[in-house]
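Here the structure is laid out as structure tokens; the discussion comes afterwards.
The values are calculated or read from the model by the stated rules, or taken from the named source; none is laboratory data. Since the model is a prediction, treat every value here as computed from it, not as a measurement. Because the Cβ atoms are built from the backbone with ideal geometry, glycine has one as well, and the counts that use them run over all protein chains shown. These accessible areas exclude ligands, DNA and RNA; they are computed on the full protein's heavy atoms, side chains included. Shrake-Rupley method; radii C 1.70, N 1.55, O 1.52, S 1.80 Å.
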Amino acid sequence: MDLVGASIRLPPKETVKPMTSRRPPYPDPSTSRHFHALFEASPDAIFLVDGDTIVDANPAAVKLVRASSKEELLANSVRDFWPASEGESHPTIEEWFHQAYDKGFIQYTTRRIRLDGRPFEVEVNLSRVDLPEGPILQGVVRDITKQKQAERSRDQLIDVLEVSPDFIHMADREGNIIYQNCGARTLHPGDAET
């Protein structure tokens, strides 16, 4: 059907209901059932923590730490996921938690260990949640292990390219040079900032 040049007939204005008279297409967000459904369905791992006790976790958290069940995860302390080899250059659990309680929100990347003992890298968004019973912390955790591995591989490749005496450069689709190795910069100084 060719609609070019065709006119469209709209219903009279009085038959179209204003948007304010429509019922919202979602449940009332003030209900705890609604928030629990969002918590359970989140693809990000969510941990609720009081002190170093994990008081609740969603299915994505169970999967992240490779627990066999939510109960197995909750039987562990936050410290059970903290590698012993963190060293003094990294903040302690208490320091991270103190910052989150004071500031209300912090974000950081770090290494953790799964229940099977294998390390993994995570991005953590840690927020203070003020409840009538007192404040707790909510940690939204994403596994960034693959991203960090890709970054390390890229850095290794750049290191190899940099030491090559050959002329190596990359350009974007418009022909602008976006990378030159040391060999290329030696032959054509000033062509690109790297």
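So here's what we get for this one:
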quantity	calculated
Single match in Gly134, Gly139 (criterion: at positive phi and modelled with pLDDT of 85 or more)	Gly134
Pair list, Cβ under 7 Å, 6 or more apart: the stretch 117-142 residue in contact (Cβ under 8 Å) with a residue 24 or more places away in the chain and open to solvent by 20 Å² or more (accessible area, probe 1.4 Å), other residue of a type in the set (Phe, Trp, Tyr) and not in a strand (DSSP E or B)	Arg128/Tyr101; Pro135/Tyr101
Residue that is among the hydroxyl-bearing types (Ser, Thr, Tyr) and open to solvent by 70 Å² or more (accessible area, probe 1.4 Å), where the choices are Thr109, Thr145	Thr109
Considering residues of the stretch 148-185 that are open to solvent by 50 Å² or more (accessible area, probe 1.4 Å) and polar (S, T, N, Q) only, the residue farthest from the chain's Cα centre (by Cα)	Asn176
Any hit, the stretch 114-121, residues being among the basic types (Lys, Arg) and outside any helix (DSSP H, G or I)	yes
